[in-house]
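Undergrad: Here it is, the structure, as structure tokens.
The values are calculated or read from the model by the stated rules, or taken from the named source; none is laboratory data. All values reported here derive from a predicted model rather than from experimental measurement. Don't worry about glycine lacking a Cβ; one is built from the backbone with ideal geometry, like all the others, and counts go over all protein chains shown.
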Amino acid sequence: MTKTNQTAIATGSHRKRDIAMIEQTVARLDKAQRDRDPDGFMALLTPQAVWVTALGKRMTGWDEINRFTQQVLTPALGDEYASYTVEHISFLGDQVAAVNVRQRPVNADNQPLPGAKEGRPLYVMTRSAGQWQIAVGQNTRFEAQAIEDQHASLAHR
């Protein structure tokens, strides 16, 4: 995981500690995914979390998300991993942040997988007891061509 693109964060210096803590949470998510560690991943979520997969499957609450995670975050994933990079943070309040992440499919050497689609997760994170956790996770596939087509279509209106 790389550091947040600091220019993308419109915030004062008083948030530097929060930014570092949020980056650390995403780094722990990156590590849990790479290590195929469902318990490490689940430790990053609030008890009342909501999670939506890139395919649109919604799960509500820690127990439901945990059941799914225990089934999918396993060594059966083979040599396909993901790299997570914080790209933007918007503080919605003192204890709430919207965190845009770039999720790149990579191999064991952290090299991009040819033809694999990236993700653009959005995490709504909350701070409690000095820790930032994920309260809402929304995975979205990045569809570069579809975005370009949409822009072209809008330009002709």
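Undergrad: State the number of residues belonging to the stretch 65-79 that are among the hydrophobic types (A, V, I, L, M, F, W, C) and under 12 Å from LEU45 (Cβ atoms). Write out each step before concluding.
TA: First, pick out the residues of the stretch 65-79 that are among the hydrophobic types (A, V, I, L, M, F, W, C): 65, 68, 72-73, 76-77.
Narrowing the set further to residues that are under 12 Å from LEU45 (Cβ atoms) leaves 65, 68.
Within the stretch 65-79, residues that are among the hydrophobic types (A, V, I, L, M, F, W, C) and under 12 Å from LEU45 (Cβ atoms) number 2.
Undergrad: Something else now. Give me the pairs, please: first residue somewhere in the stretch 25-52 and among the polar types (S, T, N, Q), second residue anywhere and at pLDDT 95 or above and part of a helix (DSSP H, G or I), beta-carbon distance under 7 Å, and either six or more positions apart or on two chains.
TA: Correct list of pairs: GLN33/PHE41.
Undergrad: Restricting the stretch 31-67 to residues that are in a helix (DSSP H, G or I) and polar (S, T, N, Q), which is farthest from GLY119 (Cα to Cα)?
TA: Of all residues in the stretch 31-67, those in a helix (DSSP H, G or I) come to 31-34, 38-42, 62-67.
Now narrow it down to the ones that are polar (S, T, N, Q): 33, 66.
Numbers: GLN33: 14, ASN66: 21 Å.
Top of the filtered list is ASN66.
Undergrad: Restricting the search to the stretch 73-93, which residues are surrounded by 12 or more Cβ atoms within 10 Å (Cβ to Cβ) and assigned to a helix (DSSP H, G or I)?
TA: LEU77
Undergrad: If you don't mind, there's one more thing I want to ask. Against the condition within 15 Å of ASP18 (Cβ to Cβ) and either crowded, with 17+ Cβ neighbours inside 10 Å or touching a strand residue (DSSP E or B) at 6+ places or on another chain (Cβ under 9 Å) (or both), how does LEU122 come out, does it pass? Break it down stepwise before answering.
TA: On the way: within 15 Å of ASP18 (Cβ to Cβ): no; either crowded, with 17+ Cβ neighbours inside 10 Å or touching a strand residue (DSSP E or B) at 6+ places or on another chain (Cβ under 9 Å) (or both): yes.
Spelling it out, it is not the case that LEU122 is within 15 Å of ASP18 (Cβ to Cβ) and either crowded, with 17+ Cβ neighbours inside 10 Å or touching a strand residue (DSSP E or B) at 6+ places or on another chain (Cβ under 9 Å) (or both).
Undergrad: If you take the residues in the stretch 34-58 that are modelled with pLDDT of 95 or more and among the polar types (S, T, N, Q), which one is surrounded by the fewest Cβ atoms within 10 Å (Cβ to Cβ)?
TA: The residue in question is GLN48.
Undergrad: While we're looking at this one, here's another question. Testing GLY137 on (1) at pLDDT 95 or above; (2) within 22 Å of ARG34 (Cβ to Cβ); (3) in a helix (DSSP H, G or I), one condition comes back false. Which one is that?
TA: (3)
Undergrad: If you don't mind, there's one more thing I want to ask. From the list ALA97, ALA116, which residue is among the hydrophobic types (A, V, I, L, M, F, W, C), assigned to a loop (DSSP other than H, G, I, E, B) and more than 22 Å from PRO38 (Cα to Cα)? Explain how you work it out, then say what you get.
TA: Details: ALA97 fails: assigned to a loop (DSSP other than H, G, I, E, B).
Going through ALA97, ALA116 in turn, just one is among the hydrophobic types (A, V, I, L, M, F, W, C), assigned to a loop (DSSP other than H, G, I, E, B) and more than 22 Å from PRO38 (Cα to Cα): ALA116.
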